[in-house]
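S.K.: Questions regarding the structure given below will be posed in turn.
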Amino acid sequence: MDRIEVQFDVAGAACAGWVYEPEQERAGPAQRRPVVVMAHGLSGTRRDGLGPFAERFAGIGAVALVFDHRGFGDSAGTPDLFHPARQLEDWRSAIACARGLPGVDPARVVTFGSSMGGGNALAAAAGDRRVAAAISQVPFLDIIRQAHRAAPRTTAKMALAAIRGRPLPAVGQPHEAAFINAPDSEAGWRHAITSTSTTVPVTRPWSPTSWSSSNATSSVDEWSQKMSGNYS
């Protein structure tokens, strides 16, 4: 199994990705292969636990493209800027990149994500009728029904930060204004982002994660529209 560093352009900024290629005997000598496009949501990066999933896909003969959104991980762009529509633009470009990879069947593209990334995977597939399937683990789709109900004081701080465009921590405690502040969520997040694969040689020194503790917010209206569940 090989892992190759790739880049693709989104509005003049380079998004970084890894392509996991199956061994030739798994893929078949003349057979075009399906490709799975994968990313985290929010501030997660390709280094944060996606490798083992990509390896399993490659192990059964598929290609996997794992990428970082603009502004996060190894990708260019405004650092730490989380904007739902912006991340979906990255997904569209990643899918186009995947379709152009050597040996890939452009009619067999699959999207994959978890939590916020799961919502993005569904939205990206819904927006492209050529996508063959979507794999979405515990998707975050509806901010009203799924988000943790923080105390009114905490919710007011979050709304004010969004309106003023101020940064919020990616994760925090229930009493803190943060994107993710449900009980025990910070410990769970930190556990998830320190998971990595050891079966594929790493092409550069690995660090547990390159996500920042704060993210620039989008407006309340735009955030709510993205997470409205309308893609189901």
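S.K.: For MET1, MET38, which order do you get if you count the other beta carbons within 10 Å of each Cβ and list the fewest first?
M.R.: Going from least to most buried by this count: MET1, MET38.
S.K.: If you don't mind, another one. Taking θ = phi - 60°, what integer Hz values does the Karplus form 6.51 cos²θ - 1.76 cosθ + 1.60 yield along segment 32-44, in sequence order, with x for Gly and Pro?
M.R.: In residue order, the calculated couplings are 6, 9, x, 10, 10, 9, 9, 6, 7, x, 6, 10, x Hz.
S.K.: Arranged by the count of other C-beta atoms within 10 angstrom, fewest first, what order do THR154, THR111 take?
M.R.: Sorted ascending by nearby Cβ count, the order is THR154, THR111.
S.K.: Given a Förster radius of 45 Å and the C-beta distance between THR78 and GLU23 as r, what FRET efficiency does 1/(1 + (r/R0)^6) yield to the nearest 0.05?
M.R.: 0.70
S.K.: Let me ask something additional. How much length is gained if the chain between ILE4 and ALA133 is pulled fully straight, taking 0.36 nm per residue apart and subtracting their Cα-Cα distance, in nm to one decimal?
M.R.: 44.0 nm
We did not get these values from a lab; they are worked out from the coordinates using the rules stated. Source: prediction; values computed, not measured. Please note: Cβ atoms are built from the backbone with ideal geometry, for glycine as well, and neighbour counts cover all protein chains shown.
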